[in-house]
Amino acid sequence: MFLEPQETMPQTSVVFSSILGPSCSGQVQPGMGERGSGAGGSGDLVFQEGRLISGSLEALMEHLVPTVDYYPDTKLKSFSAKIVQLLKEWTEAFPYDFQDEKAMAELKAITHRVTQCDEENGTVKKAIAQMTQSLLLSLAARSQLQELREKLRSPAMDKGSVLKAKPPATQKDILGVCCDPLVLAQQLTHIELERVSSIHPEDLMQIVSHMDSRDKHRCRGDLTKTYSLEAYDNWFNCLSMLVATEVCRVVKKKHRTRMLEFFIDVARECFNIGNFNSMMAIISGMNLSPVARLKKTWSKVKTAKFDVLEHHMDPSSNFCNYRTALQGATQRSQMANSSREKIVIPVFNLFVKDIYFLHKIHTNHLPNGHVNFKKFWEISRQIHEFMTWTQVECPFEKDKKIQNYLLTAPIYSEEALFIASFESEGPENHMEKDSWKTLRTTLLNRA
């Protein structure tokens, strides 16, 4: 899923420790409140309709950071409140920045000095206490979530060992658990919203700021920073493989036909809900080679609905049809009065690629050396929109039985899928015959 950016974003750092001295005075020194706009000063900042478009990093820091001669605000207490507000937004959006002891010590040192500036008023002190408590709770909750998911993670299946014989006819399948496409689509939406809600802005920023050029699937530093992204991406893959498994392990052609038509209807219901991620996963599962090659089965399927779904997910013109549908769902969500109409779950892999290419195509700095804030505003806008979607409360009633099946049902490996597929419909050409022969030989050697 992760791609390799060629340029990383500027690293954030704690700068207030050096500008807030050991003690603070409530007195504002004469001459403070204005700053020159000469070379390297705030005159290098370019605004358009009140929004910062570009500027040098030095000019930005000079504009924001107080010195012995200048404060951005003439009231020291107002300045203290603004530091607290900045720290509050920082700790809420990027709590993992403060997970190591050094960063937490820096934060405590800053807040201690800010508190000294506001000894007469307990407002800032109270805000700092609330901020610190929220940060600690956030770090603890995310750590517990990761540990829980590690325990629930299914062990890797031994390739080929699943299908040494056909499954018994009485073995439960998805139709035995839920035969209503709408209900299954609603339960998939439940799972999607639960999982996507564990993704935070800082996780998404890893896409552009922590890639390791030596390994496209790993990040520099703490790998837990990409855990939520990888877990959500794995869910997509598991759903695709589950769909393929449910189809391929069916013995009778009539039942396989029904299974395909059922998943087509589920994907259509997901589309109507605005759950594009599950829809794409289902379509991907039905397009896997072990399923796609079942021509005798597909010949019995009424494919008109499937053709419409594939049209929406047509990759040509950079998924133009999907983006049009996503835009329509977004507009519906913005005008919605109910949670049901607010649901927008984009195809996550495409969202990730959009963020990556936005970072790759546009440079961090303009030719004149200014920071390209227009680029970062756009990245921020897309991440903010995504986070708005993740906060929608699922309006559908949760069915634990169905969800348990979706999350725990056995999933065949790619090798096992091909074996089941060939057993259902024999190989039709020399390439398939060679593959089938190799698979059977492999199974005999393992027996």
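Restricting attention to helices (runs of 4 or more DSSP H) lying wholly within segment 316-363, give those where 2 or more residues are within 16 Å of the chain's Cα centre (by Cα).
On the way: elements: 316-335, 339-342, 348-361.
So the answer is 348-361.
In this structure, does Lys126 turn out to be outside any loop (DSSP other than H, G, I, E, B), surrounded by 15 or more Cβ atoms within 10 Å (Cβ to Cβ), of a type outside the set (A, V, I, L, M, F, W, C) and modelled with pLDDT of 65 or more? Write out each step before concluding.
Details: outside any loop (DSSP other than H, G, I, E, B): yes; surrounded by 15 or more Cβ atoms within 10 Å (Cβ to Cβ): no; of a type outside the set (A, V, I, L, M, F, W, C): yes; modelled with pLDDT of 65 or more: yes.
Judged against the criteria, Lys126 is not a match.
Which residue, of Leu193, Leu188, Leu184, Leu229, is at pLDDT below 85 and buried (at least 17 other Cβ atoms within 10 Å of the Cβ)?
Values: Leu193 fails: at pLDDT below 85; Leu188 fails: at pLDDT below 85; Leu184 fails: at pLDDT below 85.
Just one listed residue meets the conditions, Leu229.
So, in segment 375-402, exactly how many residues are closer than 13 Å to Ile343 by Cβ and among the charged types (D, E, K, R)?
Matching residues across segment 375-402 total 1.
Against the condition over 24 Å from Trp389 (Cβ atoms), hydrophobic (A, V, I, L, M, F, W, C) and buried (at least 16 other Cβ atoms within 10 Å of the Cβ), how does Leu326 come out, does it pass?
Values: over 24 Å from Trp389 (Cβ atoms): no; hydrophobic (A, V, I, L, M, F, W, C): yes; buried (at least 16 other Cβ atoms within 10 Å of the Cβ): yes.
No.
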In segment 61-79, the residues that are of a type in the set (Ser, Thr, Tyr) and either in contact with a Pro (Cβ under 6 Å, 6 or more places away or on another chain) or at pLDDT 75 or above (or both):
none
Residue match in segment 309-326 (condition: under 23 Å from Val243 (Cα atoms), in contact (Cβ under 8 Å) with a residue 40 or more places away in the chain and aliphatic (A, V, I, L, M))
yes
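Taking the options Ile53, Ile110, name whichever one is among the aliphatic types (A, V, I, L, M), buried (at least 16 other Cβ atoms within 10 Å of the Cβ), at pLDDT 60 or above and closer than 30 Å to Ser228 by Cβ.
Going through Ile53, Ile110 in turn, the sole match is Ile110.
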Would you please name the residue that is most open to solvent (accessible area, probe 1.4 Å), looking only at residues in segment 358-383 that are closer than 23 Å to Ala93 by Cβ and free of Cβ contacts under 8 Å to residues at least 24 places away in the same chain?
Arg381
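Quick check on Asp233: is it part of a helix (DSSP H, G or I) and over 25 Å from the mean Cα position of the chain (by Cα)? Give the derivation first.
On the way: part of a helix (DSSP H, G or I): yes; over 25 Å from the mean Cα position of the chain (by Cα): no.
No: the conditions fail for Asp233.
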Going by the structure shown, is Ser435 assigned to a helix (DSSP H, G or I) and in contact (Cβ under 8 Å) with a residue 24 or more places away in the chain?
no
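Scan segment 260-315 residue by residue and report those that are among the aromatic types (Phe, Trp, Tyr) and either open to solvent by 30 Å² or more (accessible area, probe 1.4 Å) or in contact with a strand residue (DSSP E or B) (Cβ under 7 Å, 6 or more places away or on another chain) (or both). First the steps, then the outcome.
Start the filter on segment 260-315 by keeping residues that are among the aromatic types (Phe, Trp, Tyr), which leaves 262-263, 271, 276, 298, 306.
Residues satisfying the conditions are Phe271, Phe276, Trp298.
The values are calculated or read from the model by the stated rules, or taken from the named source; none is laboratory data. Since we're looking at a predicted model, the values are computed, not measured. Note that each Cβ is placed from the backbone with ideal geometry, even for glycine, and that neighbours are counted across all protein chains shown. The area values use the complete protein model at the heavy-atom level, side chains included, leaving out ligands, DNA and RNA. Shrake-Rupley method; radii C 1.70, N 1.55, O 1.52, S 1.80 Å.
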